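Participant: Submitted below is the structure of interest, expressed as structure tokens.
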Amino acid sequence: MNKDAKIFITGHRGMVGSALVRRLETGGYTDILTRTRHELDLLDQAAVRQFLAEAKPDYIFIASARVGGIHANNTYRADFIYQNLMIETNLIHGAHLAGVHRLMFFGSSCIYPRDCPQPIKEEYLLTGPLERTNEPYAVAKIAGIKLCEAYKQQYGREYVSVMPTNLYGPNDNYDLETSHVLPALLRKAHEAKSLGENALVVWGTGKPRREFLYVDDLADACVFLMEQDYTGSFLNIGTGQDVTIHELAETIMEVVGFKGEVVFDSSKPDGTMRKVLDVSKLKQFGWNPQTSLKQGIELAYRDVIATFPILGLRQKHHPVESTS
Ligand code: GDP
């Protein structure tokens, strides 16, 4: 990937897209193309085709998706499958028609079978039933990976996919209804501390295990792969290390300085009991994450305070397009 390559990043206001823009800018890339949702509706096939035909980028990072946590995935099931299918088919087929030769698509760790062995290897894809709570999202993301593979096989396009684990960082979604666990608990701990409350409510039993990656590390891995002209089909990106939700809550409370107790709300689902990626393939390429979970939570907390001064977190923060 040359420094003067024209690189189109979709979903640039979201958590992943904005991290990619930051990483590319610091890496000296000068021709970064972005469009807001208002300027280009990714659900509109004709608009996307026209835009790509005119802009003719050299690379595309598809960091736009309809995303959310366990509750949002389970509630807006139709929106999650429809919007994700549309965004990815419009962009991937449109890229092919416009002669864009290299593209990176973002899947997610939830595309893997619910009960697959842990840590999850790339080859476990499509070897068993999916987790019910996010099945529509996962089916759409699997379709995106298969689209990339098919364009590579039939047309020789270098369309690759990466599977990030649970991400967090600047521009995350802090809406308690739709967010993932880390931003949700960060917000709840911050508010509980600010309001002088003495309990942090954690959904489920606190026993599920999850892996978390700071989003700037993800962006670094993606640019690293593109710079190496990675040509495999898809690759897991994560730390390979997981913690229980209870442990996560304790670390967040420590960073925030909230000294209350953890209360479990068993009316909420646990979802998959363990989700951790096998990242040995990525390691073979020589890439490793730089940010520990505690450091990452400290950085995310700084961002929360800067974004929502005082108790402004109470106001709703709607997710812009980003991936998860
Ligand atoms: P998942 O990884 O797809 O299951 O999505 P989430 O990040 O939403 O949830 C991960 C785990 O954290 C689940 O077991 C949730 O029940 C649990 N969890 C605990 N407290 C919260 C919370 O406040 N919000 C969310 N979204 N999940 C929570």
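Participant: Where residues in region 42-71 are farther than 21 Å from residue 7 by Cβ and either modelled with pLDDT of 95 or more or open to solvent by 60 Å² or more (accessible area, probe 1.4 Å) (or both), which of them is nearest to the ligand (Cβ to nearest atom)?
Facilitator: Checked region 42-71; the qualifying residue nearest to the ligand (Cβ to nearest atom) is 71.
Participant: Could you grab me the full set of residues in region 254-289 that are part of a loop (DSSP other than H, G, I, E, B), within 12 Å of the ligand (Cβ to nearest atom), more than 21 Å from residue 233 (Cα to Cα) and in contact with a helix residue (DSSP H, G or I) (Cβ under 9 Å, 6 or more places away or on another chain)?
Facilitator: To start, the set of residues in region 254-289 that are part of a loop (DSSP other than H, G, I, E, B) comprises 257-260, 266-273, 276, 278-279, 285-289.
Filter once more, so that each one left must be within 12 Å of the ligand (Cβ to nearest atom): 266-273, 276.
Right, trim to more than 21 Å from residue 233 (Cα to Cα) and you get 266-273.
Result: 268, 269, 270, 271, 272.
Participant: Being without any contact (Cβ under 8 Å) to a residue 12 or more places away in the chain, of a type in the set (Val, Ile, Thr) and open to solvent by 50 Å² or more (accessible area, probe 1.4 Å) narrows it down to one residue among 26, 30; which is it? Show your work before the answer.
Facilitator: Details: 30 fails: without any contact (Cβ under 8 Å) to a residue 12 or more places away in the chain.
Exactly one of 26, 30 is without any contact (Cβ under 8 Å) to a residue 12 or more places away in the chain, of a type in the set (Val, Ile, Thr) and open to solvent by 50 Å² or more (accessible area, probe 1.4 Å), namely 26.
Participant: If we scan region 213-229, do we find a residue that is touching a strand residue (DSSP E or B) at 6+ places or on another chain (Cβ under 9 Å), within 25 Å of residue 21 (Cα to Cα) and in a strand (DSSP E or B)?
Facilitator: yes
Participant: Taking the criterion of being in a loop (DSSP other than H, G, I, E, B), open to solvent by 60 Å² or more (accessible area, probe 1.4 Å) and closer than 23 Å to residue 157 by Cβ, would at least one residue in region 76-98 satisfy it? If you could, list the steps in order and put the result at the bottom.
Facilitator: Just the residues of region 76-98 that are in a loop (DSSP other than H, G, I, E, B), to begin with: 76, 98.
Narrowing the set further to residues that are open to solvent by 60 Å² or more (accessible area, probe 1.4 Å) leaves 76.
Next cut, closer than 23 Å to residue 157 by Cβ only: none.
Among the residues of region 76-98, not one is in a loop (DSSP other than H, G, I, E, B), open to solvent by 60 Å² or more (accessible area, probe 1.4 Å) and closer than 23 Å to residue 157 by Cβ, which makes the answer no.
Participant: Within region 192-209, is even one residue open to solvent by less than 30 Å² (accessible area, probe 1.4 Å) and more than 10 Å from the ligand (Cβ to nearest atom)? Full working, then the answer.
Facilitator: To start, the set of residues in region 192-209 that are open to solvent by less than 30 Å² (accessible area, probe 1.4 Å) comprises 192, 200, 202, 204, 206, 208.
Cutting the leftovers down to more than 10 Å from the ligand (Cβ to nearest atom) gives us 192.
Yes, the conditions are met somewhere in region 192-209.
Participant: Answer yes or no: is there a residue in region 293-305 that is under 17 Å from residue 244 (Cβ atoms), out of contact with any Pro (no Cβ under 7 Å at 6 or more places or on another chain) and open to solvent by 70 Å² or more (accessible area, probe 1.4 Å).
Facilitator: yes
Participant: (1) modelled with pLDDT under 95; (2) of a type outside the set (Gly, Ala, Ser); (3) more than 18 Å from residue 212 (Cβ to Cβ); (4) in a loop (DSSP other than H, G, I, E, B): which one isn't true of residue 171, the others all being true?
Facilitator: Unmet condition: (3).
Participant: Could you please let me know if residue 174 is more than 15 Å from the ligand (Cβ to nearest atom), surrounded by 21 or more Cβ atoms within 10 Å (Cβ to Cβ) and not β-branched (Val, Ile, Thr)?
Facilitator: Working: more than 15 Å from the ligand (Cβ to nearest atom): no; surrounded by 21 or more Cβ atoms within 10 Å (Cβ to Cβ): yes; not β-branched (Val, Ile, Thr): yes.
Here the answer is no, as residue 174 does not meet what is asked.
The values are calculated or read from the model by the stated rules, or taken from the named source; none is laboratory data. Predicted, not measured: the structure shown is a model, and the values here were computed from it. With ideal geometry, Cβ positions are generated from the backbone for all residues, glycine too; neighbour counts draw on all protein chains shown. Ligands, DNA and RNA are stripped out before the accessible areas are found, and what is left, the full protein with its side chains, is counted by its heavy atoms. Shrake-Rupley method; radii C 1.70, N 1.55, O 1.52, S 1.80 Å.
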